[in-house]
Each structure stands twice: as structure tokens, then as C-alpha cells.
Amino acid sequence: MDPSSVCTCNPPVSPCIPTCPNHIRTLPTCFHINIKPNAPPSFVLPAMSNASYVIDMNFNLEINIRAVNENVLDPVIITAPVVLPIGASLAPILGDSQNTYLFKWTPASYYGGWSQAICFRAVNSISDVSSEACVQVAVNRCSWSVNQGQTLAEIATIFGSNFVQMWALNPDLVSPDSLLIPGTSISVGHLYTVRSTDNIRYLNVQFATTRGLLSPPAPPPRVPVFSHVLSSSSFINDCHGAATIELLNFDLKAAISALSQVFLLPPSP
């Protein structure tokens, strides 16, 4: 209430400084303040409708990660709650005003057939509340993404093969010396279903490989390794070329041990 609109000067003077009776004075104004606890950050990138990626080995995967707070003044820190795949990185993009992080990963040859969720945690750095978002990433077996300047011979070396056999696996190439376009998918082998009569010695001869090449490197972190005796329904979960068999996500040493007992194979040298 504006006292000047209802109060008068007595006697009238200029300037008028009115005096008002108590019953005309304004009442106090009150405000209700409700302090809410900080909500956890919300992910805005990647969009959950596009949170699944199927890539080749050696593909350069890049994913922008961003989360926001209701209180824009509270900074958000994004981390990985579990160990990332070998070679992967997560770091803030320098100079980005929206606090965007970049996840980068180029899966090596031993990640063929790998499929798992990669999760990120956004933390409100003021109140320590957090939220998580995950993306599903699957790496194709038997398919390699070409780097700038790579040749069939170089790729064949990675898989214990040679450029002629790699050429046979890629009939769309005019010659084994064909120029490979960066980002092109190259086939490096095909799947093989284990039969009840198979043993390691037979596979060595069948695919012109060695027991050493049949023994895979140590499996990458967070990749389950399955141990079981080979049977007619067993399936080797990876690809092989004419001169190599990659056996990933599969405990071949346990299989060799089991086969040695079943087929009385001599111990490996």
C-alpha cells in the first residue's frame, strides 16, 4: 500500500510529507523459502536412443559425454565407475563451455567378439550426489577397420597370416596390392564350429597353424572367460583365416587340457 495515495497533509504544504494513522500502514511481506537437496546430474549426451555401438576391431570410437545440474553453478565431474577397456580414455574437452567429456577407444585385435556395457558416472562436485549412464559397445569378430597407410600384408601380420590369404578373404579387392581406404572394413577370417571329433592337432593341420598361435593372449579386463569341454555343440567364438585361428572369449588352455585327457595328446612343448 502506498501511504501517499490515502494520506493527506494537514495543513497542506509543499512538499507534502503525509502522516498516516497506524491502521493504514502496510503489513509485512513474507516469503517462503524451500531449500531442496541437490538432485543428481542428468546426462544429455550420449542420447539414450543412440546408446548402442557396433564397431570393427581397430575402429576409432569417439563418444561425447555430457551431464548437467539443476544448479548450473555446480560443476559436474564425469568418471568411469569401473576399469575402461585397454587403450580407452575419458577426459574433458579443453575449452568446451558445456563441460563435455570425450571417450575414445580403438579396440585391439584381441577384442574381436567383445560385447559389454561401458558406464559413466556424473558427480555433483558440491554435494557429491551422482548418476550413471551406460552405452553398449560390441566389437565385430573377423572385421578390421583400416588405418591410414595400412596394407593387407601389415594387417595379415597382426593375425599371423599373410597378404595372399587376406586377399582371398576379401574378393572385392582387385589385387593384394590394392590401395586400402582408411575406415574400410577388411575381413580377417570366419567362424568355425567345433565338432566332437576335433582336437588341437587336427586344427593345427586343418588351418596350417601352430599350437602357439592357437593359444590366445591374456584376455582383456572385464571379458568373461568360459571353460568347458569341447563337444559337437561347442562354438569357437571368434574367426580364423587360412593360417590362423583367433580364439577370444574362450579358455583354450582349459580346452587343450580337456582334449589331452580325452584324446591322450602328449603335453605341449
Candidate residues Val54, Val68, Val174, Val123: accessible-area rank, largest first, probe 1.4 Å: Val174, Val54, Val68, Val123
For the stretch 127-156 and the stretch 98-122, distance of Cα centres in Å: 7 Å
With all protein chains modelled, accessible area of Thr79 [1.4 Å, Å²]: 60 Å²
Protein-only accessible surface order, largest first, of Phe59, Phe31, Phe103, Phe207 at 1.4 Å: Phe31, Phe59, Phe207, Phe103
Cα gyration tensor, the stretch 101-203 - rounded (a/c under 1.5), prolate or oblate: oblate
Charge tally in the Cβ shell below 13 Å around Ile93, where Lys, Arg are +1 and Asp, Glu are -1, Ile93 excluded: 0
Area of Glu62 that stays accessible when all protein chains are in place (1.4 Å probe, Å², to 10): 110 Å²
Calculated FRET efficiency for the pair Asn60/Lys36, C-beta based, R₀ 30 Å, to 0.05: 0.10
FRET efficiency estimate (nearest 0.05) - Cβ-Cβ, Ser125 to Ala168, R0 51 angstrom: 0.35
Extension gain, Asp74 back to His190 (0.36 nm per residue minus Cα-Cα distance, nm): 36.6 nm
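The values are calculated or read from the model by the stated rules, or taken from the named source; none is laboratory data. Keep in mind it's a predicted model, so treat the numbers as computed, not measured. Cβ atoms come from the backbone with ideal geometry, glycine included; neighbour counts cover every protein chain shown. Note: accessible area is taken over every heavy atom of the protein model, side chains too, but ligands, DNA and RNA are not part of it. Shrake-Rupley method; radii C 1.70, N 1.55, O 1.52, S 1.80 Å.
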